[in-house]
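First up is the structure itself, then whatever we jot down about it.
Just so you know, all these numbers are worked out from the coordinates, no wet-lab data involved. The structure displayed is predicted, hence computed values, not measured ones. When we count neighbours, we look across all protein chains shown, and the Cβ atoms used for this are built from the backbone with ideal geometry, even at glycine.
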Amino acid sequence: MQASKALEISENLRERFACARNVLVLTGAGVSAESGVPTFRGGGQTTVWKGMPFDVISSARMVERDLPAVWEWFDYRRKLLEKLSPNPAHQAIARWQDRFPGFTLVTQNIDGLHHTAGSREVIELHGSIWRARCVACSARADIRLLNDERPPACAECGNYMRPDVVLFGEMLPAGAFERAVESAKNCELCFVVGTSAIVYPAAALPEVARASGAYLVEVNPEKTALSEFCDEAIQGKAEKTLPLFCV
Ligand code: OAD
């Protein structure tokens with residue numbers, strides 16, 4: 001039996017990490033895998049819920065057709081997430097925010113685990129499962145502070161609220177992607193962690209960073225469509241790899 005190769009950070013990357021002033025980290029479902037959150041692709045995913053495929057129950061059409069069913073689905077998912085904790089990858093990223101003069105964390109995850117780990121500013125491209133948004137006036141509320149009424153009523157205008165997440169067939173929240181692109185243009189070092197990097201527009205961020213001269217590093221146990229395009233593709237798990245930068 002062959003011994004598994006120990007994970008190592010190249011000297012080149014260590015130096016870049018030590019000297020970088022502007023760093024961007026883009027994360028996907030893989031960063032939360034160790035915490036117990038299933039990824040979307042490559043196993044584990046609940047593809048059908050109460051007879052409905054994932055992309056049907058999580059769709060803009062379903063909000064119009066059956067908002068209570070959408071709430072039931074997200075309440076179910078939130079109950080599962082409630083019990084989970086950040087892992088060493090989230091914790092390492094949270095420590096990085098104070099290490100660089102410019103640091104931007106962009107996530108496609110809705111699980112809130114970066115916040116729980118202590119990351120103060122997170123660009124949540126796909127929203128958050130912990131927030132509700134009014135369908136009429138877009139006022140937002142922390143779901144943990146709402147009562148159990150479903151759908152909840154908006155405190156501002158009395159209309160219905162929905163989960164504040166990006167569903168299939170919907171646009172990203174206004175301004176979030178634009179802010180992420182600005183950071184991608186200005187960073188010298190860009191980490192792409194635990195994402196299959198195939199869902200646009202998020203997948204465009206590494207391209208923007210690289211085109212603007214950033215050193216692009218992928219952390220993923222599997223090869224992705226992005227791997228070839230990166231300066232370094234570290235084939236390792238996020239929770240094992242990212243803490244190596246903190247020593
Ligand atoms: P995917 O499920 O597409 O990809 C997860 C990636 O994480 C895969 O490339 C895995 O190899 C990798 N992975 C698994 N375990 C890992 C670990 N321990 N450490 C590091 N990487 C690991 O998830 P996303 O790329 O996040 O959008 O998916 C993007 C979007 O697709 C989601 O945000 C969601 C979905 O449609 C919406 O819901 C709007």
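Values computed for the structure shown
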{"quantity": "Spin-label zone in region 55-84 - amide nitrogen under 19 Å from a point set 7 Å from the Cα of D148 along the C-beta vector", "calculated": "68-83"}
{"quantity": "Reachable lysines from K223, criterion Cα separation under 26 angstrom, eight or more residues apart if same chain", "calculated": "K5, K185, K237, K240"}
{"quantity": "More than 18 angstrom apart: percent of Cα pairs within region 77-204", "calculated": "59 percent"}
{"quantity": "Estimated dipole of region 109-241 in Debye, rounded to 20 [Cβ of Lys and Arg +1, of Asp and Glu -1, Cα centre]", "calculated": "240 debye"}
{"quantity": "Karplus 3J(HN,Hα) series, Hz, for region 91-108 with 6.51 cos²θ - 1.76 cosθ + 1.60 (x for Gly, Pro)", "calculated": "5, 4, 4, 4, 5, 5, 4, 9, 8, 10, x, x, 9, 10, 10, 10, 10, 9"}
{"quantity": "Alpha-carbon spread of region 158-202, three principal axes, descending order, Å", "calculated": "46, 22, 15"}
{"quantity": "Antiparallel DSSP beta bridges within the chain, percent to nearest 5", "calculated": "30 percent"}
{"quantity": "Coordinate range along principal axes, alpha carbons of region 137-247, Å, largest first", "calculated": "51, 29, 27"}
{"quantity": "For W49, residues with placed amide H under 5 Å, excluding near neighbours", "calculated": "F54"}
{"quantity": "Cα-centred dipole magnitude for region 20-122, charges only on beta-carbon of K, R (+1) and D, E (-1), debye, nearest 20", "calculated": "200 debye"}
{"quantity": "For the chain, alpha-carbon Rg relative to the globular expectation (2.2 N^0.38 Å, N residues)", "calculated": "1.05"}
{"quantity": "Length-normalised contact order of region 42-166 in % [C-alpha pairs under 8 Å, at least 6 apart]", "calculated": "19 percent"}
{"quantity": "FRET efficiency estimate (nearest 0.05) - Cβ-Cβ, R41 to E72, R0 30 angstrom", "calculated": "0.75"}
{"quantity": "Net charge, T39 excluded, C-beta distance under 13 Å - Lys, Arg +1, Asp, Glu -1", "calculated": "-1"}
{"quantity": "Virtual paramagnetic centre 7 Å along Cα→Cβ of R140, amide N under 19 Å, in region 78-120", "calculated": "78, 104-120"}
